[in-house]
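*Asks:* Shown below is the structure under consideration.
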There are 2 protein chains.
Amino acid sequence: MKSSQQRLDDIIAKLRLNKFRITPQRLAILKVFLNSTEHPSVERVYKQVRADFPTTSLATVYKTVHLLKEIGEILEIGFADGRNRYDGLKPYPHPHLICMKCKAIIDPKLSNLDHLTSEVEQASGYQILSHQLEFFGICPACQKK
Amino acid sequence: MKSSQQRLDDIIAKLRLNKFRITPQRLAILKVFLNSTEHPSVERVYKQVRADFPTTSLATVYKTVHLLKEIGEILEIGFADGRNRYDGLKPYPHPHLICMKCKAIIDPKLSNLDHLTSEVEQASGYQILSHQLEFFGICPACQKK
DNA sequence: TCTTTACTAAGAACAATTATCCTTGAACTG
DNA sequence: CAGTTCAAGGATAATTGTTCTTAGTAAAGA
């Protein structure tokens with residue numbers, strides 16, 4: 001497991017390489033992602049960043065999220081109602097387990113899905129580039145209520 | 001495989017049973033779903049229904065979609081950008097294969113996923129109620145271009 | 001028939017996201 | 001270390017997909 005600091009440095013290098021500027025806002029947003037295990041929403045990131053940079057605008061957060069998504073350093077977890085969430089720790093396709101009550105999102109351990117992907121690829125003729133797998137349920141804490 | 005007519009009758013019976021009225025608009029919307037293999041969007045359904053009922057409002061389509069979702073007769077396929085699509089032919093969780101270029105959605109053949117679900121359920125303590133699995137790629141037709 | 005209730009249409013309202021427009025500042029140049 | 005330049009930020013308007021509100025209509029029950 002790469003350290004968070006190492007990862008941050010790598011991303012900064014990648015941004016520089018692609019001629020994107022390293023601004024304090026971008027750094028602040030990036031750090032929120034690299035230190036969150038709870039798959040934050042844009043709103044959540046915005047609030048967190050505002051704590052340190054009170055003048056940051058929501059548009060900047062959206063732009064940065066878009067940028068980070070673009071260079072493949074965060075993963076978007078899409079929802080039907082538009083309340084998207086993001087994963088900055090494992091920015092590659094992997095399953096998520098979502099509590100329908102408290103909206104908590106965790107990463108379940110699960111044997112890998114590569115064989116499924118190639119099964120589908122073979123049968124369909126599609127060239128598969130990515131996938132998304134979500135389980136919806138009730139977490140242990142919410143079950144007790 | 002149940003016939004489309006049989007399925008329509010069943011849904012009508014279910015609506016009646018739950019004291020929902022059978023209106024011409026609802027029938028028209030329902031028929032669009034039962035005759036579409038292409039996983040239509042709300043907009044698509046709206047256009048189709050307008051052909052027969054030119055005064056129907058978009059809100060009615062949304063409401064009916066919501067209702068049908070509620071009683072479990074259509075499946076919502078959620079997208080991060082809000083362009084949701086629906087499946088009225090197989091209203092239970094099953095994988096989808098989506099072309100990132102032309103947005104076509106098909107149902108790939110795939111061995112079942114129940115073991116995955118129970119694997120996750122065991123490991124996490126969550127009570128899993130549903131899941132969603134999508135593969136993103138390029139369809140054979142779009143690959144040629 | 002009268003009454004009640006559910007439903008529809010239309011447009012307003014909403015929330016998440018994106019675009020616009022002007023200003024600022026990161027990073028390259030000399 | 002300035003000076004310059006263009007990408008990025010801030011504020012806010014616009015857009016998009018969806019839901020709510022209101023008033024009118026039609027169906028079912030008394």
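The values are calculated or read from the model by the stated rules, or taken from the named source; none is laboratory data. A quick note: this is a predicted structure, and the numbers were derived from the prediction, not measured. Neighbour counts run over all protein chains shown; Cβ positions are idealised from the backbone, glycine included.
A quick yes/no check of all residues on (1) assigned to a loop (DSSP other than H, G, I, E, B); (2) modelled with pLDDT of 95 or more; (3) at the interface with another protein chain (Cβ under 9 Å from one of its Cβ atoms):
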| residue | (1), (2), (3) |
| --- | --- |
| B:56 | yes, no, no |
| B:82 | yes, no, yes |
| B:92 | yes, no, no |
| B:110 | yes, no, yes |
| B:115 | no, no, no |
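*Asks:* OK, next. For the range B:117-145, how many residues are facing another protein chain (nearest Cβ under 9 Å), free of Cβ contacts under 8 Å to residues at least 24 places away in the same chain and not small (Gly, Ala, Ser)?
*Replies:* The total comes to 10.
*Asks:* Just one of (1) more than 9 Å from DNA strand C (Cβ to nearest atom); (2) over 22 Å from residue B:131 (Cβ atoms); (3) exposed (fewer than 15 other Cβ atoms within 10 Å of the Cβ); (4) within 14 Å of chain B (Cβ to nearest Cβ) trips up residue A:69, so point out which.
*Replies:* Unmet condition: (3).
*Asks:* If you go through the range A:34-55, how many residues are closer than 18 Å to residue A:103 by Cα, more than 14 Å from DNA strand C (Cβ to nearest atom) and of a type outside the set (S, T, N, Q)?
*Replies:* 1
Matching residues to (1) modelled with pLDDT of 95 or more; (2) part of a helix (DSSP H, G or I); (3) surrounded by fewer than 16 Cβ atoms within 10 Å (Cβ to Cβ):
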{"position": "A:5", "(1), (2), (3)": "no, yes, yes"}
{"position": "A:10", "(1), (2), (3)": "yes, yes, yes"}
{"position": "A:31", "(1), (2), (3)": "yes, yes, no"}
{"position": "A:47", "(1), (2), (3)": "yes, yes, yes"}
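*Asks:* Tell me, please, whether a residue that is within 11 Å of DNA strand D (Cβ to nearest atom), free of Cβ contacts under 8 Å to residues at least 60 places away in the same chain, of a type outside the set (A, V, I, L, M, F, W, C) and more than 14 Å from every other protein chain (Cβ to nearest Cβ) can be found in the range B:26-41.
*Replies:* From the range B:26-41, those within 11 Å of DNA strand D (Cβ to nearest atom) are B:41; that's our starting set.
In the following step, the residues that additionally are free of Cβ contacts under 8 Å to residues at least 60 places away in the same chain were identified as B:41.
Narrowing further to those that are of a type outside the set (A, V, I, L, M, F, W, C): B:41.
With more than 14 Å from every other protein chain (Cβ to nearest Cβ) added as a condition, the list becomes none.
Within the range B:26-41, none of the residues are within 11 Å of DNA strand D (Cβ to nearest atom), free of Cβ contacts under 8 Å to residues at least 60 places away in the same chain, of a type outside the set (A, V, I, L, M, F, W, C) and more than 14 Å from every other protein chain (Cβ to nearest Cβ).
*Asks:* When you go through A:58, A:30, A:89 one by one, which is the residue that is within 14 Å of DNA strand C (Cβ to nearest atom) and under 28 Å from residue A:135 (Cα atoms)?
*Replies:* Working: A:58 fails: under 28 Å from residue A:135 (Cα atoms); A:89 fails: within 14 Å of DNA strand C (Cβ to nearest atom).
From the options A:58, A:30, A:89, the qualifying one is A:30.
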